[in-house]
Amino acid sequence: MMQVGPDDAILNFCKWPRKLAPALPENCLPGVSANQMYVAAVILVCLGLLWFGWPYLRGGERRERMASGIFIVCCAIVIGVFGLSIIAAGEGSPKTSVIEVGTFYVDPNIYREAHSVKTPDGRETNLYENTFYLVVANLSDDGKTLRKVQVEYRGYEAPFAAEIKDSSANTVDIKHGNGAFFVIGRIVSSKILGMFKGSVTIEDKRIKAFEQRDAADALSFNIGSPENKDRFALGSPPSSPTGWILIAVISAEDKKSRVVKLNIDARDKTNPVTFAKGEMVKEKS
C-alpha cells in the first residue's frame, strides 16, 4: 500500500457533504490544515472520554462498566482512523511508477554502451569507454510528431545541448511512440558498465591519463561526448554520499519544457548515473 498523508483523508471526508451540496468546493475546509484537524480530533476525543468517565471515578461496579465502555470506544476510534486512512490510500494517492513529464516520456533506465579502447596504431588496452544516454520518447496526447526535441544540460558550466546517439546533431523530430537517445557523458575505466558495442580509438596522451586515473581509483565522469569536446568532467562529489546533480531540460518546438535531475557519481562502479531522489515517481495526470 502506498504511503497516505492526512490531506488525502480530508479530501475523502469532504466527498460526503458534497453529495448533499454539490456546490461545495473540493476542499470543504478551506484554511484548515490536515494536521490541525488531527490535533483537534485528538483533543476532542480526550475531552469526551474525560467527560463521560469523570462521574464514575468513585463508583465500583459502574466504574468497571464505564472502563470497559471507554476501552470499546477507544478501539472503535482506532479502527475508524485506520479505516479512513485505507479509504484515502485507495482513492487519493497517485498511482505511477515511471517518469511521466507531460508530452515527454523519460525512460526510467539510463541506457549505456561500452566500447573497448584502442590506440591510434590499433593496440588493445585494458580500458573501456562507457557512454550513458537519456532516453526521451513522444507520448503526447494529440499523437503528433514532436519537432526539434533537444536536451540541454545545466548546472556547472554554460548550458549546452546534448548530442543525439550516433550523430553530431542536437535536435531531432520524434514521431508519436518513438524515442531518441541523448548523450549524457562517459566514463573511461577498466570496467565494462554497459552493452558491449565494439571498439573506439583514443589518442595516446588521453589513454595514459585515463590509465593513471583508473589505477588511482580517481575516475571522473566526462559530460558530453568526444564530438562536442567533453564539455567538462565531474570527479569526486563535493559531499558524500550524494553525487553531482546535473539538470536536464527537455524541450520541443511549441511545447512546454520539463526539467529532470540526474545524479552523477563516478565513484559508483555499478550505476554512476541515476535519477536524483524523487525523480523516479511523478504524479500521473
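What does the charge count near Leu246 come to, summing +1 for each Lys or Arg and -1 for each Asp or Glu among other residues with Cβ under 13 Å from its Cβ? Each step should come with its number before you reach the end.
On the way: positive: Arg154, Arg231, Lys261; negative: Glu152, Glu157, Asp265, Glu279.
Counting the neighbours of Leu246, the net charge comes to -1.
With r defined as the distance between the Cβ atoms of Thr171 and Lys191 and R0 fixed at 51 Å, what FRET efficiency is calculated, to the nearest 0.05?
0.95
Find the all-direction average of the projected area of the Cα convex hull for region 137-183, expressing the result in square nanometres with one decimal place.
Values: hull surface 14.6 nm².
That works out to 3.7 nm², a quarter of the Cα hull's surface.
Can you tell me which of 185-197, 152-164 comes out highest on packing, and rank the rest after it, using the mean Cβ neighbours within 10 Å? Mind showing how you got there, number by number?
On the way: 185-197: 18.9, 152-164: 16.3.
Ranked by mean Cβ neighbours within 10 Å, highest first: 185-197, 152-164.
Starting from 0.36 nm per residue, how many nanometres of slack lie between Lys261 and Ala218 once their C-alpha separation is accounted for? List each step's numbers first, then the result.
Details: separation 43, 0.36 × 43 = 15.48 nm, distance 2.40 nm.
So the extension gain works out to 13.1 nm.
For a quick check of your reading of the filter: which trypsin sites (Lys or Arg not before Pro) in region 240-279 sit in a DSSP loop and have no more than 15 other Cβ atoms within 10 Å?
Working: sites: Lys255, Lys256, Arg258, Lys261, Arg267, Lys269, Lys277; in loops: Lys255, Lys256, Arg267, Lys269, Lys277.
Of the trypsin sites (Lys or Arg not before Pro), the ones in loops of region 240-279 whose Cβ has at most 15 other Cβ atoms within 10 Å are Lys256, Arg267, Lys269, Lys277.
Residues with beta-carbon under 15 Å from that of Asp121, excluding Asp121: net charge, scoring Lys, Arg +1 and Asp, Glu -1? Spell out each step's value before the answer.
Working: positive: Lys118, Arg123, Lys205, Arg206, Lys208; negative: Glu124, Glu203, Asp204.
Residues near Asp121 contribute +2 overall.
Pop out the ³J(HN,Hα) list for region 199-215 in order, Karplus 6.51 cos²θ - 1.76 cosθ + 1.60 with θ = phi - 60°, rounded to Hz; leave Gly and Pro as x.
Result, ordered by residue: 9, 9, 10, 10, 5, 4, 4, 6, 4, 4, 5, 5, 5, 5, 5, 5, 5 Hz.
Describe numerically, in nm with one decimal, the distance between label points set 7 Å from Cα along Cα→Cβ at Val249 and at Glu124.
In this crude spin-label approximation the distance works out to 4.6 nm.
Between Lys205 and Asp142, what is 0.36 nm times their sequence separation minus the Cα-Cα distance? Round to one decimal in nm. Spell out each step's value before the answer.
Numbers: separation 63, 0.36 × 63 = 22.68 nm, distance 5.09 nm.
So the extension gain works out to 17.6 nm.
Taken together, the values in this text are just the output of simple stated rules run on the coordinates, not laboratory data. Owing to the predicted nature of the structure, the values given are computational and were not obtained by experimental measurement. All Cβ positions, even for glycine, are placed from backbone atoms using ideal geometry, and neighbour counts span all protein chains on display.
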